[in-house]
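The values are calculated or read from the model by the stated rules, or taken from the named source; none is laboratory data. Predicted model only: the values in this text are computed from it and were never measured. In this analysis, Cβ positions are derived from the backbone assuming ideal geometry, glycine residues included, and neighbour counts consider all displayed protein chains.
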């Protein structure tokens, strides 16, 4: 029992990095996704092509490759990043690409009549998007966003390969050090707890938004 | 007051409005009738800037839409065939949104005015309901109240009863009829001939992108002068 508590404490220390990475990625990738989606539906050809290229590359190549590229590849070009910034940057850009597509789809699913109603009431583009279109989009993209939020918990374990001391790496170190399988089981429990909390948050959000339609 | 001067509008190769000119005076109620595809809805959509006209000009309360842009549309409200209520807002929320966001009005004041409007359209008890909980007729009455909350001088109605079940048409027409008695300028695109005959000061009959007749209702409904109008009325009345 003492051993389990000790190892849990050790793994918990590692999970601090996981949490930091998670929160930073979640915040910035969602913002990037909103900006990307608004750019994709804009009528600026250059921006459209740039964003099409962006989502094509980052959704079409492995996240692990992107992580290697940022950490081991960029130094070749003279840009050296510490493991954590490299991971946070890669994850934000990668998830931003997925959110761009999810939010774009959500915005485009809103009926054109909503824009027309807003326009005849005198609303400008910013008011229409922020008061009418985006609030309705939030409800529609919640299920897909929830999926990504859970994926991110698990994908965060990839940072162990660039030497970042996250939850999984702490467990791996403990397994090697103590020659015991228990740290892996504890790590699995940690991941399950985090995922469950996230699922729960999204369920509450979906309930909150289910008051209409 | 609305003045349209030689307006043209095409979608790709198709000319939808062809040299349309007319004047609607303050407080007048105009019904716009005609076969489908004759340009009735496009005409309204051009008047409020949902479609851009290719040439000509429109003056709303003296302001040219070509020169004044958005400002010209401020005094105009519109009601759609498909209601287009904001589903994520309550009935009251739908009404107060634009006055607060667009006109920066005091929330308390707007709420009071909006509640009075809901009473006027008979929906006081629904103010906290969401649009999805309403019938089509109730939705359209909310949409009318929402447009009125912006205190327009001019109201445009684009087939306000066309997507309603027959038994719900009456309640919406009653609300529009009551408005017609006030000093609001109105243009109503409609297939309800009885309504057009009772309520209108003038009736525009449109065909192939032109207003082919602009006259008092009696003249159109009792003594239609052209064969085109006669055959249209016969067709539409035989459907009802």
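Of everything in the range B:124-141, what is free of Cβ contacts under 8 Å to residues at least 12 places away in the same chain and crowded, with 16+ Cβ neighbours inside 10 Å? Give them in sequence order. Those that are free of Cβ contacts under 8 Å to residues at least 12 places away in the same chain and crowded, with 16+ Cβ neighbours inside 10 Å: none in the range B:124-141. Of the conditions (1) at pLDDT 90 or above; (2) crowded, with 17+ Cβ neighbours inside 10 Å; (3) closer than 26 Å to residue A:203 by Cβ, residue A:167 fails just one. Which one is it? With (1) at pLDDT 90 or above; (2) crowded, with 17+ Cβ neighbours inside 10 Å; (3) closer than 26 Å to residue A:203 by Cβ applied to residue A:167, the lone miss is (1).
Residue-wise test of (1) assigned by TED's automatic domain parsing to the domain that holds residue B:6; (2) in contact with a helix residue (DSSP H, G or I) (Cβ under 7 Å, 6 or more places away or on another chain); (3) at pLDDT 95 or above.
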residue	(1), (2), (3)
B:170	no, no, no
B:187	yes, yes, yes
B:192	yes, yes, no
B:195	yes, yes, no
B:204	yes, no, yes
B:214	yes, no, no
B:222	yes, no, no
B:235	yes, no, no
B:238	yes, no, no
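With A:95, A:22 as the choices, which residue is under 14 Å from the mean Cα position of the chain (by Cα), closer than 21 Å to residue A:137 by Cα and assigned to a helix (DSSP H, G or I)? If you could, list the steps in order and put the result at the bottom.
On the way: A:22 fails: closer than 21 Å to residue A:137 by Cα.
It is A:95.
Of the helices (runs of 4 or more DSSP H) entirely within the range A:102-198, those holding at least 3 residues that are within 24 Å of residue B:139 (Cα to Cα) and within 14 Å of another protein chain (Cβ to nearest Cβ) occupy A:112-120, A:134-155.
Looking at the range A:72-87, can you tell me whether even one residue there is surrounded by 23 or more Cβ atoms within 10 Å (Cβ to Cβ) and either without any contact (Cβ under 8 Å) to a residue 24 or more places away in the chain or under 26 Å from residue A:146 (Cβ atoms) (or both)? Yes, some residue in the range A:72-87 is surrounded by 23 or more Cβ atoms within 10 Å (Cβ to Cβ) and either without any contact (Cβ under 8 Å) to a residue 24 or more places away in the chain or under 26 Å from residue A:146 (Cβ atoms) (or both).
Let me confirm something: among A:140, A:177, A:126, which residue is surrounded by fewer than 19 Cβ atoms within 10 Å (Cβ to Cβ), within 18 Å of the chain's Cα centre (by Cα) and free of Cβ contacts under 8 Å to residues at least 40 places away in the same chain? The unique qualifying residue is A:140. Candidates are the residues of the range B:124-148 that are away from chain A (no Cβ under 11 Å) and assigned to a loop (DSSP other than H, G, I, E, B); the one that is farthest from the chain's Cα centre (by Cα) is B:127. If you go through the range B:5-23 and keep only what is out of contact with any strand residue (DSSP E or B) (no Cβ under 6 Å at 6 or more places or on another chain) and assigned to a strand (DSSP E or B), you end up with B:10, B:11, B:14, B:15.
Here is a yes/no grid of residues against (1) surrounded by fewer than 18 Cβ atoms within 10 Å (Cβ to Cβ); (2) more than 14 Å from chain A (Cβ to nearest Cβ):
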residue: B:150; (1), (2): no, no
residue: B:153; (1), (2): yes, no
residue: B:161; (1), (2): no, yes
residue: B:167; (1), (2): yes, yes
residue: B:175; (1), (2): no, yes
residue: B:178; (1), (2): yes, yes
residue: B:182; (1), (2): yes, yes
residue: B:189; (1), (2): no, yes
residue: B:197; (1), (2): yes, yes
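For the range A:201-213, state whether one or more residues are within 14 Å of chain B (Cβ to nearest Cβ), at positive phi and not in a helix (DSSP H, G or I). Within the range A:201-213, one or more residues are within 14 Å of chain B (Cβ to nearest Cβ), at positive phi and not in a helix (DSSP H, G or I).
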